[in-house]
Amino acid sequence: MDRTLARGFVADHVQKDITERHLISVEGVMRALARYFDEDVERWGLAGLFHDLDQDETHDDLEHHGRQSVEWLREAGFEDEEVMNAVLAHMHERYRTDLMSRSIVHADGVAGLLVACALVRPDKAAGMKVSSVKKKLKEKSFAPGVERDKIRDVEGSIGIPMDEFIAVSITGLQEVAPDIGLA
Ligand SMILES: [Fe+2]
C-alpha cells in the first residue's frame, strides 16, 4: 500500500482527529528511525501509521487493541506480515521480535512527548532541541500520559543512545509537521 492510500485508509478508520494526528506523528518518527537504521522507510512508516488504527473502536479493550487493526488490514488485502506484526507489537509484548516491532514501542512514546512539546512552542516543531525535550522528559507534570520509560529504555532495546534517538525523532516529526498542524 502506498503512502497516499495508507493515509486514506487511516482517515476511513479512525474517528477522532487526535488519533489521526497521533498516527501521522508516529509515522514520521518511524520513517526517520528507518533511515537511521538503513531499513525500509516506507514499510516502517506504514507500521507507525497503522499502529493505533483501531484506537477509537477498541478504546480500553487492550486485548483486542491492535488485533482489530490487523483484521481490517487483512480484509483490505494488505499482506505485509512484518508491518502487521509491528502493529500488534506496540500493544502486545510477544510480537516484539525484530527491529521494526521493537522500534514502534519507542516511537510511540517519543512521538507523544514531541507533539506535546511542539504544541507549547511558538515555532511548533521547527527548531526543536534535544536539550529542551529532555527537560520536558524530566518534568513529570508535563504530558503525564507519555510513558517515559519507552523513551529512557531505548538504547537497551534498539541500540540507539537516547539523545540520538530524540534527535532522529525530532527530524521525523518535522517531516510530517505540516500534515498535523505543527509547522
Ligand atoms: Fe500510539
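The values are calculated or read from the model by the stated rules, or taken from the named source; none is laboratory data. Computed from a predicted model, the values in this text were never measured in an experiment. All Cβ positions, even for glycine, are placed from backbone atoms using ideal geometry, and neighbour counts span all protein chains on display. What goes into the accessible areas is simple: the full protein's heavy atoms, side chains included, and nothing from ligands, DNA or RNA. Shrake-Rupley method; radii C 1.70, N 1.55, O 1.52, S 1.80 Å.
Right, ARG43: part of a helix (DSSP H, G or I), away from the ligand (no atom under 14 Å from the Cβ) and closer than 17 Å to GLY109 by Cβ or not? Here the answer is no, as ARG43 does not meet what is asked. Of the residues that sit in segment 89-128 and are farther than 28 Å from LYS140 by Cα and either of a type outside the set (A, V, I, L, M) or within 14 Å of the ligand (Cβ to nearest atom) (or both), which one is most open to solvent (accessible area, probe 1.4 Å)? Among those that are farther than 28 Å from LYS140 by Cα and either of a type outside the set (A, V, I, L, M) or within 14 Å of the ligand (Cβ to nearest atom) (or both), it is ARG94.
Per-residue answers, yes or no, for (1) buried (at least 17 other Cβ atoms within 10 Å of the Cβ); (2) within 14 Å of the ligand (Cβ to nearest atom); (3) not charged (D, E, K, R):
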| site | (1), (2), (3) |
| --- | --- |
| ALA34 | yes, no, yes |
| GLY48 | yes, yes, yes |
| ASP54 | yes, yes, no |
| HIS59 | no, yes, yes |
| GLY66 | yes, yes, yes |
| GLU71 | no, no, no |
| ARG74 | no, no, no |
| GLU81 | no, no, no |
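For LYS16, the conditions (1) more than 12 Å from the ligand (Cβ to nearest atom); (2) at pLDDT below 95 are fulfilled apart from (2).
The set of residues in segment 72-94 being in a helix (DSSP H, G or I) and either among the acidic types (Asp, Glu) or modelled with pLDDT under 95 (or both) consists of GLU75, GLU81, GLU82, GLU93.
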